[in-house]
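The values are calculated or read from the model by the stated rules, or taken from the named source; none is laboratory data. Small disclaimer: the values here were computed from a predicted structure and weren't measured. Counting neighbours? That spans all protein chains shown, and the Cβs are built from the backbone with ideal geometry, glycine included.
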Amino acid sequence: MFDLSILKIFFGHPITICLMSSISSLIWTGIITFLLKTKTKNKKNLILFILVLGSSLAIALSWNLSTIDINFYNFRTPFIHKTMRFTAWIFILLQAHALFLFIKHLVNKHYPINLADKLMILPSLTLITFLGITGFKSNPELYNFISKQNLHKITTLYVLFTLTLPCLFYGIQKAYSGIFPKILKRQLKIFIFYIITPYFIGDSLQLCASLIELDQATKHILAYMSFLILAFGSLYFVSRVMKLRFLNTEKHVTTFLKNNFAEQLTDILEQLSVVTDVQELKHITRRFFKESFGLNYESVRLHIRPETGQDLTHTNDFVIQSIEKLHNFNPPEIINFIKHEKVLIFDELDFDNFYESNPNTELLAKFMKEIELSIYIPIYQSEKLIAHITVKSSENIFSHSDRSQMLIFAGYLGNIINLIRQRSLHYLIAQEKELKDELHKKHSEITQYKESIKSFIKDSQSREIGIIFFKNKKFSFGNQSAKEMFDFDPNTQDGHDSTKKLKQIITKVIDYKTVQTDWVLDKNHKKMIVTGIPQLDQNSIILTIHYPEISDILKNQIDNLSNPTDWDYLLYLETTKSGKLINKLIPSTKGPLLDFKLDILKASLSPKATLLNLPEDDLIPTVELLHDISLRDELHILKLSNPNNDNETTIKLFGINSLFLPNPPVPLLKLLDKKGTLFIQNIHNLNLEAQEKLAEFIKYGFFHIFKDEHKIFSDVRIICSSNQNLEKLTQERLFSAKLFKELHQTTLIMPKIAALKTLDLNQLIEGFSNQNITQNALKNLLELSDQEKEKLIKEKPIISLQELKKRTHQMLAEKSKKNNLTPLKTYWTTTENSNDPIIEKASKLGKRALKDEKLMKELWTKLPNQNKIAELIGVNRSSVSRRFKQYELE
């Protein structure tokens with residue numbers, strides 16, 4: 001017999017018993033209330049667990065009411081006493097079944113209630129029936145057959161050995177099995193220790209008390225003490241297990257943050273601040289995880305990915321190989337999930353996958369299990385994976401606070417890695433871009449050189465020298481080559497440009513009695529060199545004609561260069577398509593304009609950003625020229641008429657973080673990548689922040705999205721213009737010094753047109769005239785005289801090339817109108833090539849047209865003005881007047 005006399009003194013008192021029962025009831029009530037407020041998708045498990053605790057509460061209340069009735073009311077209400085005892089036994093059976101089913105559902109992902117579970121209810125129902133009969137003595141014969149005490153023993157034995165003990169063994173087996181998530185096994189161990197074990201011990205003690213026939217007071221003491229122990233065990237269980245994601249109510253395991261973490265973080269930051277080598281980072285990382293989480297030093301590993309973009313999917317290191325394959329060969333959903341989670345903990349992934357399986361958690365849990373990782377922390381910089389921390393399998397369970405500490409450390413670590421790289425990275429990127437730009441320029445120059453040489457090689461098949469004899473005012477072809485070079489007869493077509501050029505050379509040879517050289521065009525409008533050589537016989541001159549060599553082109557213009565070392569660009573200017581485009585824009589071969597043309601050619605061959613300081617009218621033609629020579633497909637013009645102080649233009653150029661603007665526009669610099677030219681007119685009106693970002697793009701070849709650290713590499717030709725003194729604005733801090741430094745390297749400044757010499761202006765006017773008069777037949781008629789050129793120049797100050805071109809056009813149009821050349825566009829545009837056969841024929845015949853009566857009559861109809869007809873065929877008006885009298889045209 002157990003001597004419980006000491007306990008009876010204190011615990012046997014009715015007030016103490018009621019107090020213990022009340023405390024137990026309050027604890028269970030609080031726990032149940034808390035659980036009812038808990039949100040979880042595992043509703044079935046929650047209901048079963050509440051049923052276990054609720055049964056304990058009901059049993060405690062029933063015993064409490066029964067005790068109160070016995071001790072305070074001296075058994076005055078036997079029916080209530082019997083009802084409470086019967087209710088308690090019902091809830092004992094219900095609790096045992098709920099406990100058994102709860103364990104089954106807890107450790108099984110999907111556990112359907114099977115036939116065996118249903119059959120186990122039958123003995124309980126039978127026992128409840130007998131308990132009711134014996135408890136209320138409704139059947140005396142049955143009561144005599146089996147006593148109430150024996151039935152209580154049978155019920156206790158049934159609950160203990162049929163439900164509770166198998167439940168305990170089943171839980172222990174699963175808790176130490178290797179197939180369940182570690183978090184779930186930890187929950188199960190706590191549940192066994194603080195719920196099932198106290199419950200089993202309490203039932204066992206009560207069974208022992210019944211078997212050895214202890215008095216009723218002692219039984220009550222044991223019962224209420226077991227209630228109290230079970231209640232406190234439940235409270236401790238809930239407080240512990242809820243932090244372990246019990247019923248999957250939390251996303252992460254939770255604990256309190258360690259008090260010494262701030263000190264540890266301070267120490268780590270001090271160590272990181274003096275790091276100069278990535279190897280030091282690896283030791284600091286291992287030390288941090290060892291001291292903070294008690295991990296093995298060798299189980300922690302920091303891997304920093306190479307900057308060169310090296311393929312690591314075939315490395316011998318299985319872990320690194322697997323991680324690289326994870327990031328390179330999986331859909332964006334997986335990568336986005338990793339970025340969102342930031343820290344992957346295998347135990348939590350495994351637990352998530354156990355309860356709520358989805359493709360992401362399933363794949364990542366499988367991945368970490370294969371390479372035996374407990375923790376995987378990717379470190380990103382501007383959306384790019386730069387490093388990762390891995391921890392080999394560990395018995396530790398990492399909480400949310402541990403996860404936060406890892407995140408903080410990884411964030412600092414990523415910044416330090418980036419800083420170590422950027423100590424030289426930005427310089428290397430800038431140097432690499434500089435080399436690429438220089439390589440592009442050299443490649444473009446080589447292309448120009450090849451094109452130039454190709455033009456000479458192509459003409460090598462016509463290297464024969466043509467010979468023409470001039471004697472007795474007659475031309476005669478000395479060989480077949482000369483005849484093939486011209487598609488006209490200089491003897492019959494006095495008005496032809498080439499005939500005039502030949503006669504000018506002959507006149508100079510006769511006047512100066514020296515060799516004379518000039519240019520003439522062949523039938524394909526290619527330049528040829530004509531050399532006039534005087535003979536001993538003064539009435540005879542030999543003209544030699546040949547296509548120019550490189551030396552011929554250089555010899556003709558090299559004296560016009562301010563810098564003789566630019567002779568190669570001069571060659572490109574005269575022989576390549578790019579040069580022809582520039583010559584068309586600026587038809588001048590002398591003075592400052594020649595140097596400006598060479599600067600344009602140099603700028604067009606280089607991909608560097610270009611700053612234009614030109615009159616506004618000349619901006620677009622120059623930009624289009626640079627764009628065409630650069631072989632870009634798309635030209636985008638961004639005109640900033642007023643100072644830009646908002647972020648609209650910045651967003652247009654660089655985009656913006658989607659957090660600040662949903663569905664942000666695609667940055668212009670990305671849209672134009674590898675295919676476009678961006679012209680920013682009035683760059684001084686761009687806000688300073690955008691200027692800084694543009695300077696970064698020009699220097700490094702990448703830009704950052706506005707309000708974001710995301711970096712995008714792009715290849716866009718940048719052209720800017722400004723009519724302000726940017727150097728002065730920079731000194732006044734009104735313009736970005738970085739942008740000025742980048743743009744200042746390639747600046748095109750056009751010479752002031754008004755300051756050009758008259759000779760240079762006349763050449764420009766002549767060039768624009770020739771571009772507009774597309775028919776040789778009209779050159780005599782519409783060509784501007786020296787007086788007209790002077791009038792054009794002095795009429796109003798000229799600011800731009802386009803203004804000069806426009807005035808030249810207007811003067812030619814007026815002259816054409818006076819000559820009744822209708823419609824004007826037939827002769828006076830660069831797009832219309834219609835021919836007037838009458839004027840064309842008269843122009844070619846020159847003075848010989850006077851002998852053709854029919855032609856003269858047609859000319860009179862077309863041009864009813866003797867002066868204009870004389871000007872067209874290159875004779876005096878008196879000659880035309882005599883012929884008109886002869887033909888009776890007046």
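Per-structure values
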{"quantity": "Members of the range 618-656 found to be in contact with a His (Cβ under 8 Å, 6 or more places away or on another chain) and either over 15 Å from Gln691 (Cα atoms) or hydroxyl-bearing (Ser, Thr, Tyr) (or both), listed by number", "calculated": "Leu635"}
{"quantity": "Condition check for Ser769: under 30 Å from Ala842 (Cβ atoms) and crowded, with 19+ Cβ neighbours inside 10 Å", "calculated": "yes"}
{"quantity": "Some residue of the range 639-647 being at pLDDT 90 or above, more than 16 Å from the chain's Cα centre (by Cα) and assigned by TED's automatic domain parsing to the domain that holds Leu729", "calculated": "yes"}
{"quantity": "Within the range 788-830, considering residues that are among the polar types (S, T, N, Q) and at pLDDT 80 or above, the one farthest from Asp618 (Cα to Cα)", "calculated": "Gln810"}
{"quantity": "Glu709 being among the charged types (D, E, K, R), closer than 30 Å to Thr650 by Cβ, at pLDDT below 90 and surrounded by fewer than 18 Cβ atoms within 10 Å (Cβ to Cβ)", "calculated": "yes"}
{"quantity": "Of all residues in the range 848-867 being charged (D, E, K, R) and in contact with a helix residue (DSSP H, G or I) (Cβ under 6 Å, 6 or more places away or on another chain), the one that is farthest from Glu783 (Cα to Cα)", "calculated": "Glu858"}
{"quantity": "Any chance Val300 is touching a helix residue (DSSP H, G or I) at 6+ places or on another chain (Cβ under 6 Å), β-branched (Val, Ile, Thr) and modelled with pLDDT of 85 or more", "calculated": "yes"}
{"quantity": "Evaluation of Tyr376 against (1) in contact with a Ser or Thr (Cβ under 7 Å, 6 or more places away or on another chain); (2) assigned to a loop (DSSP other than H, G, I, E, B); (3) of a type in the set (Ser, Thr, Tyr) (one fails), failing number", "calculated": "(2)"}
{"quantity": "Residue check, Thr589 over 24 Å from Tyr700 (Cβ atoms), of a type in the set (Val, Ile, Thr) and either in contact (Cβ under 8 Å) with a residue 40 or more places away in the chain or surrounded by fewer than 18 Cβ atoms within 10 Å (Cβ to Cβ) (or both)", "calculated": "yes"}
{"quantity": "Breaking point among (1) under 28 Å from Glu709 (Cβ atoms); (2) modelled with pLDDT under 85, for Val343", "calculated": "(2)"}
{"quantity": "Any hit, the range 390-399, residues being buried (at least 17 other Cβ atoms within 10 Å of the Cβ) and either without any contact (Cβ under 8 Å) to a residue 12 or more places away in the chain or small (Gly, Ala, Ser) (or both)", "calculated": "yes"}
{"quantity": "Residue count, the range 713-766 (criterion: aliphatic (A, V, I, L, M), part of a loop (DSSP other than H, G, I, E, B) and exposed (fewer than 13 other Cβ atoms within 10 Å of the Cβ))", "calculated": "0"}
{"quantity": "Residue match in the range 178-185 (condition: modelled with pLDDT under 80, out of contact with any strand residue (DSSP E or B) (no Cβ under 9 Å at 6 or more places or on another chain) and within 21 Å of Leu247 (Cβ to Cβ))", "calculated": "yes"}
{"quantity": "From Gly676, Gly701, residue being farther than 17 Å from Asp646 by Cα, touching a helix residue (DSSP H, G or I) at 6+ places or on another chain (Cβ under 8 Å) and of a type in the set (Gly, Ala, Ser)", "calculated": "Gly701"}
{"quantity": "Residue list for the range 593-641, restricted to those being surrounded by 19 or more Cβ atoms within 10 Å (Cβ to Cβ) and part of a strand (DSSP E or B)", "calculated": "Thr610, Leu611, Leu612, Leu635"}
{"quantity": "Which listed residue, of Ile656, Ile620, is under 30 Å from Glu438 (Cβ atoms) and of a type outside the set (Asp, Glu)", "calculated": "Ile620"}
{"quantity": "Checking Lys384 against (1) closer than 23 Å to Leu244 by Cα; (2) out of contact with any helix residue (DSSP H, G or I) (no Cβ under 9 Å at 6 or more places or on another chain), the condition it does not meet", "calculated": "(1)"}
{"quantity": "Number of the exception - Glu395 against (1) within 21 Å of Lys251 (Cα to Cα); (2) assigned to a helix (DSSP H, G or I)", "calculated": "(2)"}
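Conditions (1) modelled with pLDDT under 80; (2) surrounded by 19 or more Cβ atoms within 10 Å (Cβ to Cβ), marked per residue:
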| position | (1), (2) |
| --- | --- |
| Thr499 | no, yes |
| Ile505 | no, yes |
| Lys508 | no, no |
| Tyr512 | no, no |
| Asn524 | yes, no |
| Thr531 | no, no |
| Asn556 | yes, no |
